[in-house]
Amino acid sequence: MTQEVDLDAVVRQRVRGLRLARGWSLDALAARCFMSPSTLSRIETGHRRIALDQLVPLARALGTTLDQLVEPVEDEDVVIRPDPEHVEGMTTWLLTRPGAIPGVVVAKMRITPERAARGPGVHPGREWFTVLSGTVRLRLGERTILVGPGQAAEFSTMVPHAVEPHDGPVELLSIFDRDGERAHLHGPPVPDA
């Protein structure tokens, strides 16, 4: 019963929050979901339980999905506590949960000069990063570009490319598509020192 009450509270809060965010009165939302304003008011205040046949029209009227309307709220949905993954000269922290954003992975990376020299790689897709500290030497085709703190780079990964530290360690925030994740984030882990 507690789970049902909690779900009711979550849905009531979301309905009211979405309604207010759109600047709609109870009358405006009631007209959009074909309910009376008094029924909608009782649902929002918890004086009436939400019936299953009311959820779909409410979600549709509010421009959301039924899944998003009833999705449970937990602290773990908000805070990501990434575990570092180490390969020689590089530490990576994955900042997205698997499958959270289909086909996209966000990672913080620290690359040190100890990273083994690699030739430029090529793979389908695009890559984006911003430099948090240090300077990146981006080898992109025949060009070498220095990207400093606060600057970002975005490029086609069909061009031969390598991201390397320049004059010391570098920390960056990267966004990879599925192909970029496979090409840049998977390698044999090394034990913690």
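The residue pairs whose first member lies in the range 153-174 and is closer than 19 Å to Val105 by Cα and in contact (Cβ under 8 Å) with a residue 24 or more places away in the chain, whose second member is among the hydroxyl-bearing types (Ser, Thr, Tyr) and surrounded by fewer than 14 Cβ atoms within 10 Å (Cβ to Cβ), and whose beta carbons are closer than 6 Å, counting only pairs six or more residues apart or on different chains, are Glu171/Ser133. When you scan the range 91-134, how many residues do you find that are in a strand (DSSP E or B) and without any contact (Cβ under 8 Å) to a residue 40 or more places away in the chain? Matching residues across the range 91-134 total 3. Scanning the range 145-193 for residues that are among the acidic types (Asp, Glu) and either modelled with pLDDT of 90 or more or touching a Lys or Arg at 6+ places or on another chain (Cβ under 8 Å) (or both) yields Glu154, Glu164, Asp167, Glu171, Asp177.
Leu20 meets each of the listed conditions (1) open to solvent by 70 Å² or more (accessible area, probe 1.4 Å); (2) under 15 Å from Val163 (Cβ atoms) apart from (2). Inside the range 103-142, residues that are out of contact with any Leu (no Cβ under 9 Å at 6 or more places or on another chain) and either of a type in the set (Lys, Arg) or closer than 17 Å to Ile80 by Cα (or both) make up a count of 5. Quick check: anything in the range 36-52 of a type in the set (Ser, Thr, Tyr), more than 25 Å from Phe155 (Cα to Cα), surrounded by fewer than 15 Cβ atoms within 10 Å (Cβ to Cβ) and within 21 Å of the chain's Cα centre (by Cα)? The answer is no; no qualifying residue exists.
Only residues that are more than 26 Å from the chain's Cα centre (by Cα) and closer than 18 Å to Gly121 by Cβ were counted in the range 138-158, giving 7.
Total residues in the range 8-52 satisfying the condition of being within 21 Å of Gly63 (Cβ to Cβ), assigned to a helix (DSSP H, G or I) and not basic (Lys, Arg): the figure is 22.
The values are calculated or read from the model by the stated rules, or taken from the named source; none is laboratory data. Everything numeric here is computed off the predicted structure, so don't read it as measured data. With ideal geometry, Cβ positions are generated from the backbone for all residues, glycine too; neighbour counts draw on all protein chains shown. Side chains are part of the model used for accessible areas, which takes the heavy atoms of the whole protein and leaves out ligands, DNA and RNA. Shrake-Rupley method; radii C 1.70, N 1.55, O 1.52, S 1.80 Å.
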